[in-house]
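Accompanying notes for the structure given below.
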Amino acid sequence: MGLRPNPTYRQRRLGSELRRMRNACSLSASSGGAIVDISSAHMSHIETGRTAIPEVKLRTLASAYGCNNEALVNSLVTMGRTTGRGWWSKYKHNHPASTLDLAELEASALACQSFQWLYIPGLLQLPEYTRALITNAEPEADKALLDACVEFRMRRQQVLAEGSALEFHAVIHETALHTQFVPMGVMRRQIEHLVEMSHLSHVHIQVLPLRANVFPVRFSTPFVLFEASVPELNTVYIEHPVSSPFISDQDQLVQFAATFEGLRTVALPAIDVPVEPKFHTELSSLGLIQNLLYSM
């Protein structure tokens, strides 16, 4: 079997976790490979995600590396068994690899925490909002490609369908509700859509108001924190126009988790439609949104 020319994030992450375990016990690639009777070159290909590793060898290596976390090992085995073929596969010819990796992450995550300060999070966007954003950014974009991009984003949103197991929590800065990147009518419908989505028990939406007296963000870019089956495999996705990296370093994951907790604490209470907002005594995300809609 040939080497993978472009391993996915999942494949790279599996390899990097094995490398992390090996480094933790101060073994060289050659010594690690000897444990399962493979060359150091083959070990290198496994650790970069360019080739697969059989389950037996993976479990043997984890044991030899002193990993007693059975849940983590089982999760790694599952990652190795996964084919990676999903609905996103048909878009591989017109979408960057990082976008496909994002869709695969969303499909496998247990929970997702998103912070946006300029746009509505992709999983909460209406088709016309997405189309307007892309058109403004790429006015010369081919219509077929534009349609594919909108279709792809809408297909991603099925992870939030009724009965979904994905717990989604978004903190959206109020700035995103005031921007005029899209027509006023589209923006109004998009804001109303946020309220509609909040009816889902697994979707939680908070607004961070412009008048918040603190802004507990260490990072100047939007991010999404994905919670995996075990915390060791959590991932942060950084949205960037040039490249969208995935972060798996445990220390950095702790920082991002703490940042989101700070945002959640400072933001207004989540939209809770059945509960009448106390306009005169308590600010809320729903109250702010209703006031904004009234003025539009």
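Among the candidates Leu110, Leu76, which residue alone is among the aliphatic types (A, V, I, L, M), under 25 Å from the mean Cα position of the chain (by Cα) and open to solvent by 60 Å² or more (accessible area, probe 1.4 Å)? Sole residue among the options that is among the aliphatic types (A, V, I, L, M), under 25 Å from the mean Cα position of the chain (by Cα) and open to solvent by 60 Å² or more (accessible area, probe 1.4 Å): Leu110. Filtered by the rule that a residue be open to solvent by 20 Å² or more (accessible area, probe 1.4 Å) and under 19 Å from Arg156 (Cβ atoms), region 166-190 gives Glu167, His169.
Quick grid of which residues meet (1) at pLDDT below 95; (2) touching a Pro at 6+ places or on another chain (Cβ under 6 Å):
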residue: Thr99; (1), (2): yes, no
residue: Cys112; (1), (2): no, no
residue: Leu123; (1), (2): no, no
residue: Thr135; (1), (2): yes, no
residue: Val150; (1), (2): no, yes
residue: Ala161; (1), (2): yes, no
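Against the list (1) part of a loop (DSSP other than H, G, I, E, B); (2) free of Cβ contacts under 8 Å to residues at least 40 places away in the same chain; (3) of a type in the set (A, V, I, L, M, F, W, C), the condition Leu118 fails is (2).
Filtered by the rule that a residue be basic (Lys, Arg) and within 22 Å of Val236 (Cα to Cα), region 6-45 gives Arg10, Arg12, Arg13, Arg19, Arg20.
Within region 244-262, residues that are at negative phi reach partners that are among the charged types (D, E, K, R) and modelled with pLDDT under 95 with beta carbons closer than 7 Å, at six or more positions or on different chains, in the pairs Gln255/Arg218; Thr259/Arg218.
Residues that are among the hydroxyl-bearing types (Ser, Thr, Tyr): which helices (runs of 4 or more DSSP H) entirely in region 43-112 hold 3 or more of them?
Counting at least 3 such residues, we get 97-108.
For residues that are crowded, with 16+ Cβ neighbours inside 10 Å and among the basic types (Lys, Arg), scanning just region 1-47, find the one that is farthest from Gly86 (Cα to Cα). Applying the filter and picking the extreme gives Arg22. When we screen Phe219, Phe279, Phe223 for residues that are hydrophobic (A, V, I, L, M, F, W, C), at pLDDT below 90 and within 22 Å of the chain's Cα centre (by Cα), the only hit is Phe219.
Filter region 82-119 down to the residues that are among the hydrophobic types (A, V, I, L, M, F, W, C) and under 15 Å from Val159 (Cα atoms) and list them by number. Answer for region 82-119, where residues must be among the hydrophobic types (A, V, I, L, M, F, W, C) and under 15 Å from Val159 (Cα atoms): Trp87, Trp88, Leu100, Leu102, Ala103, Leu105, Ala107, Ala109, Leu110, Ala111, Cys112.
The values are calculated or read from the model by the stated rules, or taken from the named source; none is laboratory data. Treat the numbers as computed from the prediction; the structure is a model and nothing was measured. Note that we place each Cβ from the backbone using ideal geometry, even for glycine, and neighbour counts take in every protein chain shown. These area figures cover heavy atoms from the full protein model, side chains too; ligands, DNA and RNA do not enter into them. Shrake-Rupley method; radii C 1.70, N 1.55, O 1.52, S 1.80 Å.
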